[in-house]
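See below for the structure under consideration.
The values are calculated or read from the model by the stated rules, or taken from the named source; none is laboratory data. It should be emphasised that the depicted structure is a prediction, and the values quoted were computed from it without experimental measurement. All Cβ positions, even for glycine, are placed from backbone atoms using ideal geometry, and neighbour counts span all protein chains on display.
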Amino acid sequence: MLLIMWYKLIYNDLHIPQKEHAMGEIISHPAFDFNRSIRLEARPERATSDAGALLIREIMHKLKIDRWLGNHLVDFRRGDLVTHSWRELLRTKLILLCQGWRDNDDADFLRHDPGLRLSVSDRRGDAALLPDPGASVTSGNKTPSCPQGLASQPTLSRFVDAVAAPENLPALHDSLAEAAGRRIRSANGGRRVATLTVDVDSLPATVHGHQPGSLYNGHYRERIYHPLIATAGELGDLLGGKLRHGNVHTADGAEAFILRILDQAERKICVKAHLRLDAGFPSDPLLAALEARRTRYTCRIRKNAVLDRMAQPYLKRPVGRPPREPRIWTHELRYRAKEWSRSRRVVLVVQEKPDELFLHHFWLVTNWPVEQVDGLALLKHYRRRGLAEAHMGELMNVLEPALSSSPRAKSHYRSQVPRTSAVPVDSFDNNEALLLLNMLAYNIVHALRCALAYTTRQGWSLGRVRDQVLKLGGRLVLSGRRVTMILSGGGSRYWAQLLAWLQRLHPVEA
């Protein structure tokens, strides 16, 4: 009896681990004083907090975007020293961004997460989880050593440096329109859509530090980069991005950027592209270039003294008692600014708001014929820019690109002063590469969001997709060479519908 009482005392009060499995699982009984009925199993090689990485890899596999980009990037490494293939590094970076892990340092913390290792690896079965010298990944004509975890932080940092090289940055730019085109065509029977509206706008990318090219912007009242972003209108895909210095004008470099995006859209996504722009962009060279390529555009233009005089005869309320609801009407006019080479169709939009003495108004310029699109229809079309602005906001608020590369020299390495200094990298190009990688990760999660909207018949924000569907816990069960993922969380009920929908996607070319 005394022996039993002594055993219970030790067992209940000291919480000595009772059992250690061969695979390293430690089982402790009990684990919590508040409820001694709870048992804890610590199985780090069998549990994951990022089960959604498997869905991200499946989307990438269906769209073949990792294969396309891997084929267009130049690998500068020596083949005999390679452990992680180029595509595995690309998948690692993109999947971490999709799952909300913004920094390369997170790769060290998650290096042995089984869900991430399965999602990143090229190896089949359970070879990605178990050290297996016989299973290896080929890179070109070389056979590297077998990776036994995710790439480390220094390896991922060198990967970003390589992607930002002049030989690779153009392919990274093109990957955005390529990914958007593959998603849209796969959902459209493999064909391009008839028309697509492209929205282009600038937005602030706040930085914390003195990254090269970041400057204080008086309009936004903070230190920023000022990138250009192009989106596929109401569809939500990101088509292109261009990092710019923090104090540049909204339209700086916009003409070449817009024309390139339109060419890519008509080659990969649609038969004919249209354009919507905010008031900071319209200029005679840009509008003339759009008219020369027969692109329909709708732009807001800034007010000036001439436009104000033109508007005065039309700023009158209709006869009758003012309604309690706001009302809007339009007027068709022709206008030629001093710097314009020709007159163009402008639409005066007049707004009447309840309890306000004066009417509000603004102007739109367009080359749509009035017979095809009248003033009210043009206003409705322009106001759908709000959807594009919402998608840009999701990029900055949900993925939160960390544009933190700066040319700081390493003062110590392993507690010693380095004998030689490393070759400095172009930090501005590195930050542009980071922005583009975040935009590509957005397109991948957006493809999953579109699948969820189709299967569930409800709207999804990017944050909700990540929180409810991707950030799920899971437990792996190994049987032979088969791996079974047991999901936790309410979002797991969407997985069967999603995977069934992905199986029906029209295949896209590699």
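This table checks each residue for (1) in a helix (DSSP H, G or I); (2) farther than 24 Å from residue 125 by Cα.
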| site | (1), (2) |
| --- | --- |
| 444 | yes, yes |
| 467 | yes, yes |
| 478 | no, no |
| 497 | yes, no |
Selection from region 77-117 of residues touching a strand residue (DSSP E or B) at 6+ places or on another chain (Cβ under 6 Å) and closer than 19 Å to residue 50 by Cα yields 113, 114, 115
Can you find even one residue in region 87-100 that is without any contact (Cβ under 8 Å) to a residue 60 or more places away in the chain and of a type in the set (Asp, Glu)?
-> no
Here the residues within region 359-387 that are without any contact (Cβ under 8 Å) to a residue 24 or more places away in the chain and more than 15 Å from residue 331 (Cα to Cα) are 372, 383, 386
Among all residue pairs at least 6 apart or on different chains, which show Cβ distances below 8 Å where the first residue, located in region 388-402, is on the phi > 0 side of the Ramachandran plot and the second is outside any helix (DSSP H, G or I)?
-> 400/102
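Say whether the condition of being hydrophobic (A, V, I, L, M, F, W, C), surrounded by 15 or more Cβ atoms within 10 Å (Cβ to Cβ) and over 22 Å from residue 69 (Cβ atoms) is met by at least one residue in region 484-493. So that I can check it myself, show each step before the final result.
Filtering region 484-493 down to residues hydrophobic (A, V, I, L, M, F, W, C) leaves 485-487.
Imposing the further condition that a residue be surrounded by 15 or more Cβ atoms within 10 Å (Cβ to Cβ) reduces the set to 485, 487.
Those still in the list that are over 22 Å from residue 69 (Cβ atoms) too: 485, 487.
Yes - at least one qualifying residue is present in region 484-493.
Is it fair to say residue 504 is over 21 Å from residue 60 (Cβ atoms), basic (Lys, Arg) and either in contact with a Gly (Cβ under 9 Å, 6 or more places away or on another chain) or surrounded by fewer than 13 Cβ atoms within 10 Å (Cβ to Cβ) (or both)? I'd like the intermediate steps shown before the answer.
Details: over 21 Å from residue 60 (Cβ atoms): no; basic (Lys, Arg): yes; either in contact with a Gly (Cβ under 9 Å, 6 or more places away or on another chain) or surrounded by fewer than 13 Cβ atoms within 10 Å (Cβ to Cβ) (or both): yes.
No.
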Among all residue pairs at least 6 apart or on different chains, which show Cβ distances below 6 Å where the first residue, located in region 63-85, is closer than 15 Å to residue 151 by Cβ and the second is modelled with pLDDT under 90 and surrounded by fewer than 17 Cβ atoms within 10 Å (Cβ to Cβ)?
-> 83/145
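This table checks each residue for (1) within 25 Å of residue 287 (Cβ to Cβ); (2) surrounded by 10 or more Cβ atoms within 10 Å (Cβ to Cβ).
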{"residue": "319", "(1), (2)": "no, no"}
{"residue": "327", "(1), (2)": "no, yes"}
{"residue": "337", "(1), (2)": "yes, yes"}
{"residue": "341", "(1), (2)": "yes, yes"}
{"residue": "346", "(1), (2)": "yes, yes"}
{"residue": "357", "(1), (2)": "no, no"}
{"residue": "362", "(1), (2)": "yes, yes"}
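Do we have residue 120 as farther than 18 Å from residue 54 by Cα and either modelled with pLDDT under 95 or assigned by TED's automatic domain parsing to the domain that holds residue 273 (or both) here? Even if it seems obvious, please write down each step before you answer.
Numbers: farther than 18 Å from residue 54 by Cα: no; either modelled with pLDDT under 95 or assigned by TED's automatic domain parsing to the domain that holds residue 273 (or both): yes.
So residue 120 fails the test.
Condition first: in contact (Cβ under 8 Å) with a residue 60 or more places away in the chain, assigned to a helix (DSSP H, G or I) and of a type in the set (Val, Ile, Thr). Can you find one or more residues in region 109-123 that meet it?
Of the residues in region 109-123, the ones in contact (Cβ under 8 Å) with a residue 60 or more places away in the chain are 110, 112-116, 118-120.
Still in the running and assigned to a helix (DSSP H, G or I): 114-116, 118-120.
Adding the requirement that they be of a type in the set (Val, Ile, Thr) leaves 120.
Yes, some residue in region 109-123 is in contact (Cβ under 8 Å) with a residue 60 or more places away in the chain, assigned to a helix (DSSP H, G or I) and of a type in the set (Val, Ile, Thr).
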Count of region 446-465 residues which are part of a helix (DSSP H, G or I) and of a type in the set (Lys, Arg) | 2
So residue 204, is it touching a Phe, Trp or Tyr at 6+ places or on another chain (Cβ under 8 Å) and buried (at least 17 other Cβ atoms within 10 Å of the Cβ) = yes
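Among the residues of region 46-68, are any in a loop (DSSP other than H, G, I, E, B) and modelled with pLDDT under 85? Explain how you work it out, then say what you get.
Step one: list which residues in region 46-68 are in a loop (DSSP other than H, G, I, E, B), which gives 46, 49-52, 64.
From what is left, the residues that are modelled with pLDDT under 85 are 46.
Yes, there is a match, as at least one residue in region 46-68 is in a loop (DSSP other than H, G, I, E, B) and modelled with pLDDT under 85.
Residue 501 - would you say it is assigned to a loop (DSSP other than H, G, I, E, B), aromatic (Phe, Trp, Tyr) and either without any contact (Cβ under 8 Å) to a residue 60 or more places away in the chain or on the phi > 0 side of the Ramachandran plot (or both)? Show your work before the answer.
Details: assigned to a loop (DSSP other than H, G, I, E, B): no; aromatic (Phe, Trp, Tyr): yes; either without any contact (Cβ under 8 Å) to a residue 60 or more places away in the chain or on the phi > 0 side of the Ramachandran plot (or both): yes.
When the stated conditions are applied, residue 501 does not pass them.
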Since residue 459 meets every condition but one in (1) closer than 14 Å to residue 391 by Cβ; (2) under 13 Å from the mean Cα position of the chain (by Cα), which condition does it not meet?
-> (2)
